[in-house]
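The values are calculated or read from the model by the stated rules, or taken from the named source; none is laboratory data. These numbers come from a predicted model, not from an experiment. Cβ coordinates were reconstructed from backbone atoms using ideal geometry, including for glycine residues, and neighbour counts include every protein chain displayed. Just the protein is used for accessible areas: all its heavy atoms, side chains included, with ligands, DNA and RNA removed. Shrake-Rupley method; radii C 1.70, N 1.55, O 1.52, S 1.80 Å.
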Amino acid sequence: MNEIVPFDISETRRSEERRADAVSALEDGSVVLMEDLPFAFTAAEEALYGESLGDGVQKNITLDPYLGKLSGVGDVSEESKALIEGMLRRYRETTQSWLQDILGPYAQNLDPRRTTYRPVEIAGRKKIGKVGDDKAYRFDDSLLHPDAFKRRPIKGNRIFRIFTNINPTGKPRTWKVGHGFEAFATRYLNRIRDPHLGEFAFLNMTRQTHWPRTHYDHIMLNLHDMGKQDATFQQDPAHVVFQFPAGATWFCFTDQALHAALEGAYCLEQTFELQVEHMAAPEKSPLKVLERMKGHALV
Ligand code: SIN
Ligand code: FE
């Protein structure tokens with residue numbers, strides 16, 4: 001079972017031992033929580049507290065260093081776009097500095113990826129997305145899941161995400177967390193088919209992925225989908241619901257810590273990628289766990 005473990009940044013700044021505790025909680029699949037680590041908007045950015053910024057299709061407004069652009073914004077002025085982009089860059093830099101203070105040298109190997117602004121209320125948001133109703137569950141983050149990327153294969157690396165609840169009216173962001181990764185994978189692994197010969201090359205050639213998938217990505221995507229479709233698993237009473245207060249910041253390896261976002265609006269998130277060899281205990285990674293279970297290499 002994953003837990004939510006509180007830490008205090010003023011304490012980790014001073015104590016190497018507490019920084020090591022935070023790394024170990026993180027790698028165990030827990031969510032590391034700083035109850036009081038807010039990110040403030042500037043006076044100009046206050047204008048960004050409006051739901052009309054989004055395009056109504058994507059869940060989030062995203063600054064993507066790989067594609068080099070902002071996506072998910074609706075019909076807004078160039079001025080607002082620049083404001084959002086500047087704010088997202090500032091959030092990315094702020095999280096990098098926080099993570100130095102909380103995790104120490106470990107943070108140097110966290111490679112920044114996308115930054116997202118999540119203004120839309122989660123409760124009742126399910127209809128967002130371009131796919132048909134039969135696939136809508138895949139985009140429904142109110143169902144418990146590990147993260148896995150369809151178009152951006154992660155090739156065994158870790159997905160690390162940090163979130164800050166910036167709700168202006170003080171509304172908490174409610175998550176459900178639960179189930180150790182290995183127990184979760186055990187439920188489904190035997191039912192996941194092996195990849196077809198040439199499958200990943202085909203997906204890449206037809207631009208369904210930005211670069212080729214690996215067997216690891218194939219398994220993680222299947223685990224993500226199978227868990228979301230399994231009503232018995234979703235209703236397991238052992239899972240824990242937690243409310244992150246406004247002004248709180250929290251982070252976890254979202255490929256390992258099963259999570260569901262149930263309620264809340266206005267959140268910022270920064271994704272980082274971490275190579276397994278840079279972990280303190282690489283054997284705790286989903287890659288190494290799955291390779292042990294399958295008995296062979298997956299990347
Ligand atoms: C998710 O990663 O599934 C959503 C988390 C959130 O937006 O709070
Ligand atoms: Fe997720």
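Observations
- Members of the stretch 279-299 that are open to solvent by 70 Å² or more (accessible area, probe 1.4 Å) and assigned to a helix (DSSP H, G or I): E283, K288, R292
- Unmet criterion (only one of (1) exposed (fewer than 14 other Cβ atoms within 10 Å of the Cβ); (2) closer than 19 Å to R161 by Cα; (3) hydrophobic (A, V, I, L, M, F, W, C)) for L63: (1)
- In the stretch 170-193, the residues that are open to solvent by 90 Å² or more (accessible area, probe 1.4 Å) and either within 16 Å of ligand 1 (Cβ to nearest atom) or assigned to a loop (DSSP other than H, G, I, E, B) (or both): R193
- Subset tally (residues that are farther than 20 Å from W175 by Cα, touching an Asp or Glu at 6+ places or on another chain (Cβ under 8 Å) and open to solvent by less than 70 Å² (accessible area, probe 1.4 Å)) for the stretch 5-18: 3
- Remark: pairs (first residue in the stretch 67-84, open to solvent by less than 60 Å² (accessible area, probe 1.4 Å); second residue assigned to a loop (DSSP other than H, G, I, E, B) and of a type in the set (D, E, K, R); Cβ separation under 9 Å; 6+ apart in sequence or on different chains) = S71/D55; G72/D55; G72/K59; V73/D55; G74/D55.
- Boolean, T94 is of a type outside the set (A, V, I, L, M, F, W, C), in a loop (DSSP other than H, G, I, E, B), away from ligand 1 (no atom under 11 Å from the Cβ) and open to solvent by 30 Å² or more (accessible area, probe 1.4 Å): no
- Odd one out for G104, checked against (1) under 22 Å from T42 (Cβ atoms); (2) modelled with pLDDT of 95 or more: (1)
- Odd one out for N204 among (1) of a type in the set (S, T, N, Q); (2) touching a Phe, Trp or Tyr at 6+ places or on another chain (Cβ under 7 Å); (3) within 30 Å of P168 (Cα to Cα): (3)
- The single condition from (1) more than 11 Å from ligand 1 (Cβ to nearest atom); (2) open to solvent by 20 Å² or more (accessible area, probe 1.4 Å); (3) among the aliphatic types (A, V, I, L, M) that I166 fails is (2).
- Enumeration of residues in the stretch 19-42 that are in a helix (DSSP H, G or I), surrounded by fewer than 17 Cβ atoms within 10 Å (Cβ to Cβ) and not small (G, A, S): D21
- Qualifying position, being out of contact with any helix residue (DSSP H, G or I) (no Cβ under 7 Å at 6 or more places or on another chain), farther than 24 Å from G29 by Cα and polar (S, T, N, Q), among T95, T169, T174: T169
- Any hit, the stretch 134-155, residues being open to solvent by 40 Å² or more (accessible area, probe 1.4 Å), more than 15 Å from ligand 1 (Cβ to nearest atom) and free of Cβ contacts under 8 Å to residues at least 40 places away in the same chain: yes
- N204 vs. criteria touching a Pro at 6+ places or on another chain (Cβ under 7 Å), of a type in the set (S, T, N, Q), within 16 Å of ligand 2 (Cβ to nearest atom) and at pLDDT 95 or above: no
- Residue check, H239 more than 14 Å from ligand 2 (Cβ to nearest atom) and modelled with pLDDT under 95: yes
- Scan of the stretch 210-249 for residues that are in a strand (DSSP E or B) and either open to solvent by 40 Å² or more (accessible area, probe 1.4 Å) or closer than 26 Å to R151 by Cα (or both), ordered by number: V240, V241, F242, Q243
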